[in-house]
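Before any comments, here is the structure.
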Amino acid sequence: MTTWTARSLAEQTGRTFVITGANSGVGLEAARDLVGRGGHVVLAVRDLDKGEQARAALTSGGGTGSAEVRQLDLADLDSVAAFAKGLTEKLETDGKLLNALVCNAGVMGGPLLYTTQGFERQVGTNHLGHVALVSALWPALHSAAGRVVVVSSIASRGGRLSTSTTRNDLVAPSPYASGKVYANSKQANLLFAQELHRRVVEAGSPVSAVACHPGVSWTNLFARQLRDEGKGWLVPALTLIRPIVFQSAGAGAQPTLRALDPSTPSGAFVGPKFLNGARGRPEILDVFSTGADPDVAQHVWQLTEDILGTPIPV
Ligand SMILES: NC(=O)c1ccc[n+]([C@@H]2O[C@H](COP(=O)([O-])OP(=O)(O)OC[C@H]3O[C@@H](n4cnc5c(N)ncnc54)[C@H](OP(=O)(O)O)[C@@H]3O)[C@@H](O)[C@H]2O)c1
């Protein structure tokens with residue numbers, strides 16, 4: 001079997017991608033690659049200024065593709081609905097299809113905070129906001145036979161979601177242990193992608209679903225966590241150990257790019273293997289055991305529908 005490399009991905013001219021949190025880190029690097037290959041990338045960002053800076057950097061890089069910035073705050077379900085409505089109308093006006101949605105944006109750690117609708121912030125942003133987005137964009141994804149890529153994490157191995165998990169465990173975890181809640185949110189990402197895959201197959205839907213993880217990559221995620229937790233003084237130390245611990249954000253984007261490649265089948269899980277998954281080439285992995293139990297996946301799916309107050313339309 002040939003090894004997948006960045007060169008394996010075809011030209012993307014005429015294809016449209018949405019990447020959440022595409023103004024920095026892994027999402028920005030995935031966007032850079034796709035624009036370089038001629039794709040059109042919608043940068044779905046919560047801060048329009050940061051989004052415009054990213055767009056300018058991407059489109060001045062010599063690629064033949066294009067990028068546009070649209071406002072999306074995953075921690076506010078009204079913003080998710082408005083984003084999906086605006087994008088769907090624009091796609092129709094332009095006669096374009098939505099070929100893929102990359103659920104990439106994420107927050108890690110920090111103090112106990114809540115989304116606009118009152119859900120714990122990490123689960124609310126990383127999982128609930130993305131599920132609401134997939135649901136709202138479902139007609140566009142369906143008519144394009146599009147792909148949903150969900151960015152999980154090696155932290156999902158520490159998730160403790162089970163068939164006994166309650167609604168409150170997700171939206172109001174107590175006592176609050178931010179690391180455990182992050183792990184649960186990334187486990188929920190993996191479970192959602194797996195369950196979505198099973199359901200599209202069962203429904204005979206043309207949509208496909210792939211999960212991935214970026215290893216341990218140098219992005220804003222860790223420094224922001226330290227600052228949010230009042231440990232900003234540790235950031236210089238983090239920078240010092242950067243070459244030992246972290247791979248680049250560009251390397252961290254490779255699993256996303258492989259997940260987008262049509263040669264990667266629906267239901268796959270892509271990520272590096274080396275150093276317990278911290279770095280390396282994007283490979284097709286066995287799903288971590290915390291993401292592989294269909295009963296847990298189905299239970300979390302139903303809890304998610306209950307919290308969002310609407311069925312996920314597969
Ligand atoms: N870096 C790693 O080693 C690593 C490891 C495992 C998994 N991951 C996952 O990889 C994904 C990308 O993270 P990253 O490492 O590239 O970190 P990053 O550079 O901090 O990027 C995260 C992105 O998410 C955006 N975001 C946060 N909250 C949002 C919200 N409410 N609505 C919309 N966008 C929001 C951020 O926007 P702002 O810039 O405005 O804050 C930023 O663009 C995340 O899902 C993360 O959990 C990363």
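The values are calculated or read from the model by the stated rules, or taken from the named source; none is laboratory data. Just so it is clear, the model here is predicted, and its values are computed rather than measured. All Cβ positions, glycine included, derive from the backbone under ideal geometry; neighbour counts span all protein chains shown. Only protein heavy atoms, including side chains, enter the accessible area calculation; ligands, DNA and RNA are left aside. Shrake-Rupley method; radii C 1.70, N 1.55, O 1.52, S 1.80 Å.
For segment 257-314, name all the residues that are assigned to a helix (DSSP H, G or I), within 22 Å of His142 (Cβ to Cβ) and open to solvent by less than 60 Å² (accessible area, probe 1.4 Å).
Within segment 257-314, Ala259, Leu260, Ala297, Trp301, Thr304, Glu305, Leu308 meet the criteria.
I'm trying to understand the selection: among the residues of segment 238-256, which are at pLDDT below 95 and either part of a helix (DSSP H, G or I) or among the β-branched types (Val, Ile, Thr) (or both)?
Once the filter is applied, which keeps residues that are at pLDDT below 95 and either part of a helix (DSSP H, G or I) or among the β-branched types (Val, Ile, Thr) (or both), segment 238-256 yields Leu238, Thr239, Leu240, Ile241, Arg242, Pro243, Ile244, Val245.
Contact list please: Cβ distance under 8 Å, first residue in segment 212-225 and touching a residue at least 60 places away in the same chain (Cβ under 8 Å), second residue near the ligand (Cβ under 6 Å from one of its atoms) and assigned to a strand (DSSP E or B), pairs at least six apart or on different chains.
Partner pairs satisfying both residue conditions: Cys212/Val151; His213/Val151; Pro214/Val151.
Provide a single number: the residues in segment 155-198 that are more than 26 Å from Pro111 (Cβ to Cβ), touching a residue at least 40 places away in the same chain (Cβ under 8 Å) and open to solvent by 60 Å² or more (accessible area, probe 1.4 Å).
Of the residues in that region, 2 qualify.
Specify which of the listed residues (Thr125, Thr93) is within 30 Å of Pro175 (Cα to Cα), at pLDDT 95 or above and either open to solvent by 10 Å² or more (accessible area, probe 1.4 Å) or in a helix (DSSP H, G or I) (or both).
The unique qualifying residue is Thr125.
Could you tell me whether any residue of segment 32-49 is open to solvent by less than 10 Å² (accessible area, probe 1.4 Å) and closer than 19 Å to Pro282 by Cα?
Scanning segment 32-49, I find at least one residue that is open to solvent by less than 10 Å² (accessible area, probe 1.4 Å) and closer than 19 Å to Pro282 by Cα, so the answer is yes.
Assess whether Ala203 counts as being without any contact (Cβ under 8 Å) to a residue 24 or more places away in the chain, among the aliphatic types (A, V, I, L, M) and over 23 Å from Gly252 (Cα atoms).
Against the criterion (without any contact (Cβ under 8 Å) to a residue 24 or more places away in the chain, among the aliphatic types (A, V, I, L, M) and over 23 Å from Gly252 (Cα atoms)), Ala203 does not qualify.
Take Trp233 and decide whether it is open to solvent by 70 Å² or more (accessible area, probe 1.4 Å), part of a helix (DSSP H, G or I) and either out of contact with any strand residue (DSSP E or B) (no Cβ under 9 Å at 6 or more places or on another chain) or not β-branched (Val, Ile, Thr) (or both).
Yes.
May I ask you to say which residue of Ala105, Ala155 is within 20 Å of the chain's Cα centre (by Cα), in a loop (DSSP other than H, G, I, E, B) and within 12 Å of the ligand (Cβ to nearest atom)?
Result: Ala105 is the single residue among Ala105, Ala155 that is within 20 Å of the chain's Cα centre (by Cα), in a loop (DSSP other than H, G, I, E, B) and within 12 Å of the ligand (Cβ to nearest atom).
Which residue, of Ser24, Ser8, is surrounded by fewer than 22 Cβ atoms within 10 Å (Cβ to Cβ), within 16 Å of the ligand (Cβ to nearest atom) and of a type in the set (Ser, Thr, Tyr)?
Checking each option against the conditions leaves just Ser24.
Among Ala145, Ala100, which is of a type in the set (A, V, I, L, M), more than 10 Å from the ligand (Cβ to nearest atom) and on the phi > 0 side of the Ramachandran plot?
Matching residue, one of Ala145, Ala100: Ala145.
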